[in-house]
1. If one puts a single equal scatterer on every Cα of the range 91-138 and applies the Debye formula without solvent, what log₁₀ I(q)/I(0) results at q = 0.13 Å⁻¹?
2. To the nearest 0.05, what FRET efficiency results for residue 62 and residue 82 with a Förster distance of 41 Å applied to their C-beta separation?
3. For the range 52-138, divide the Cα radius of gyration by the Kirkwood radius and give the resulting Rg/Rh value with two decimals.
4. Mind jotting down the distance between the C-alpha centroids of the range 38-71 and the range 105-138, whole Å?
5. What net charge do the residues around residue 129 carry, taking every other residue with its C-beta under 14 Å from that of residue 129, with Lys and Arg at +1 and Asp and Glu at -1?
Amino acid sequence: MAQSRIAASCATVIVTVIVLVLTLSMPVNPSAAQSSGWWGCPNGYEFEVESDKSRVRCIKREDIRFRAVSCPAIGQATDGPAPRIAQDRNGVNDACIVGDSPYTATPVCPRGYTSETRSGLDRCVIRVPSVIRPPIQQ
């Protein structure tokens, strides 16, 4: 009796494996797979669904980037000390100075950035606006 149960269990396992192998090896209709494709967003974008679920979009949120201010070349000296930033030189604004020179220059920012004056070291700021685009089929 025990041997017949083992034989029946083995037969069930073998049949299950054969059905599984045949099912997995069947070709898939590519047009059916493409018609139900998945939608998504490119790298850096978030997939967003409206609250009533009527529309979707890809959004890249506004980004604020910071960089340090830098000193422009001051005067014609090339073998002297490099300009350095004097923090809060006029009480609030930073200034670029060379050694003990009475001459100063205003720190500069890279193209597109604006200078932000603040207590401590000033900094350069750029605001990159939000970008919205439709999703893509992946």
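1. Cα-only, vacuum Debye calculation for the range 91-138: -0.49.
2. Details: r = 36 Å, r/R0 = 0.87.
Efficiency for this residue pair is about 0.70.
3. Working: Rg = 20.5 Å, Rh = 15.9 Å.
Result: Rg/Rh = 1.28.
4. Rounded to whole Å, the Cα centres lie 16 Å apart.
5. Working: positive: 60, 61, 65, 127, 133; negative: 62, 63.
That works out to +3.
No lab work stands behind these numbers, since they all come straight from the coordinates. None of the values given here were measured: they were computed from a predicted structure. Cβ sites come from the backbone with ideal geometry, for glycine too, and all protein chains shown count toward neighbours.
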